[in-house]
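Below is one structure, written out as structure tokens; comments come after it.
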Amino acid sequence: MAGTYEIGLVIITIGVAIIAVLVSGFALRTAKVALEKRTIELSAANALLRQQMQERVQAENATRESQEQLNNYLTRHDALTGLPNRNFFRDRLTHAMARAKRSGLTMAMIVLGLDRFKEINDTLGHTAGDKVLQAVAKVMRESLREVDTIVRLGGDEFTIILEDIAHTDRVTALAERILHVFSNPLVIDGREIYVTASTGITLYPHGVDGVDALLQAAEAAMHHAKEEGGNTYEFYVPEMNVPAAVNLDMEYLLRRALERQEFVLHYQPKVAVKSGRITGVEALIRWNSKELGPVPPAKFIPLAEKTGLIVPIGEWVLKTACAQNKAWQEQGYPPLLMSVNLSPRQFRQKNLLEMVAAGLRDAGLNPRFLELEITEGMIMVRPEKAIAILQEVHQLGVQLSVDDFGTGYSSLAYLKRFPVQKLKIDQSFMRDLTVDRDDAGIVTAVVAMAKSLHLEVVAEGVETAEQLAFLAKLDCDEYQGYYFSRPVPAGEFTRLFRTTDDSVRLSAPRLVRPHSA
């Protein structure tokens, strides 16, 4: 019985083991299948991930390449007009010059500058100015061959490189075509804007070598075209660089002239036509350069205006003139009206009012003894703004006079609104006053108009007794000129008058006219 039980137990144990083996085998097969399936899924996922990473890397590479291409483009092209810029220009010009040497053909470089572009920015705004530059770039591209190169150098200047020129007539024809292109208005935001350009041309190889020298030559020709009035073209000749070099030297010396105290003021009296009394005086700057000697105002004043040096120079003139007028008063001479000229750049300065007030305050001069002279052109550029500025200055107590009247384009409608007290007839009308009917008619009309507007009239450049007699018949108020006295230093000026109770009378003989004012 016990043996049977043991046998049965063994059989059961063996059965259980067999079942366990069977179950284990099934589980292993199932696990194997699951593992194989998961392996396949992981492989697929891995492959997909690799593909995505490759695509991402390719996309990043493409983005980087695009950014590099964009950076390279912007490095060599102008962002506003899309034209090649100065960086591209130097490489292109170097290549064109080398090609011209090899081929024996001529290469031309044209520099084009827009005339009075600053006025567009000032009156219409920089946004409109940018649109004008874009429009100019477009019409210029359309007027050139595809093989020609047009570059924006910067600002309102463009340059064109023409290659393989057998005859210079082709360059002249292009210059003429450019002028014709600019004869048509540009339409900017529905507004027609007329723009002209000055063009300078230099040829290679014809005496100028090197990228910088070629560019300098073309720019010199362009500036010469502007000096001729603009809207024209000029071929470069070596003589064009001479004024530029002289101006550069003069600019350097002009910058040092104030600190070296090389400026002096000369004074020219203003005289009442009827009574012969000195009623005022005009302060006129002179420059005695240690290197250049006496420099005429006609040479250094335009340069000072162009470079901005006229602002500190003009401030010095105002302060010195006010101080001198006060000094004469303290010496016992009757008070005179001191006239000081304002330059266009000074008139545009935001601190003009403060500068005038400071000059009066520092000198201790009553404002009614100061007169500022302005030209027609200065006040007619932006007449409404000019009126506001003049009113502020006049409120200080300062007198105002319109200088060189008759040479500009004053509107009578504006003239009667300007807070001015005097008109000065330009000296160009005085020279032939007694022999030229036109000059006599103009002077007669100006005096009559001024009287109708309750303005005093001063005649400049009076040199003869006949001229003075003519002015007396017109009831002109004052005159100044070499008939009475040239401009003289302060020390000599006091010899021109003697004091009486309340007036200053002539006491000097008539002076012979010297070479220049």
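Where a number appears in this text, it was derived from the coordinates with a stated rule and is not lab data. Everything numeric in this text was worked out from a predicted model, so none of it was measured. Counting neighbours? That spans all protein chains shown, and the Cβs are built from the backbone with ideal geometry, glycine included.
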Alpha-carbon centroids, the range 258-305 and the range 335-409: separation in whole Å: 18 Å
Test of the criteria: in the range 87-118, which trypsin sites (Lys or Arg not before Pro) are in a DSSP loop and have at most 14 other Cβ atoms within 10 angstrom of their Cβ? ARG116
Of the peptides 430-442, 269-281, how do they stack up when ordered by the mean number of other Cβ atoms within 10 Å, highest first? 269-281, 430-442
Using the number of other C-beta atoms within 10 angstrom as an exposure proxy, rank TYR252, TYR267 with the fewest first. TYR252, TYR267
Cleavage-rule hits, chymotrypsin sites (Phe, Trp or Tyr not before Pro), the range 154-212, DSSP coil, Cβ neighbours within 10 Å at most 12: TYR194
How much length would be gained if the chain were fully extended between HIS95 and ASP164, taking 0.36 nm per residue of separation minus their Cα-Cα distance, in nm to one decimal? 23.6 nm
Please report Rg (one decimal) and Dmax (integer) in Å for the Cα set of the range 129-196. 12.9, 42
Which of the residue pairs LYS226/LYS424; LYS451/LYS473; LYS270/LYS306 have a Cα-Cα distance greater than 18 Å in the structure shown? LYS226/LYS424; LYS270/LYS306
Highest mean packing first, using Cβ neighbours within 10 angstrom, the peptides 341-349, 457-465 sort as 457-465, 341-349
May I ask you to sort TRP328, TRP316 by Cβ crowding, counting other Cβ atoms within 10 Å and putting the fewest first? TRP316, TRP328
Rounded D (µm²/s) - the range 262-506, Kirkwood Rh over Cα pairs, Stokes-Einstein at 37 °C, 0.692 mPa s: 177 µm²/s
Taking only Cα atoms of the range 86-236, radius of gyration then Dmax in Å: 15.3, 49
What FRET efficiency do you get for ASP212 and GLN58 if R0 is 60 Å and r is their Cβ-Cβ distance, rounded to the nearest 0.05? 0.85
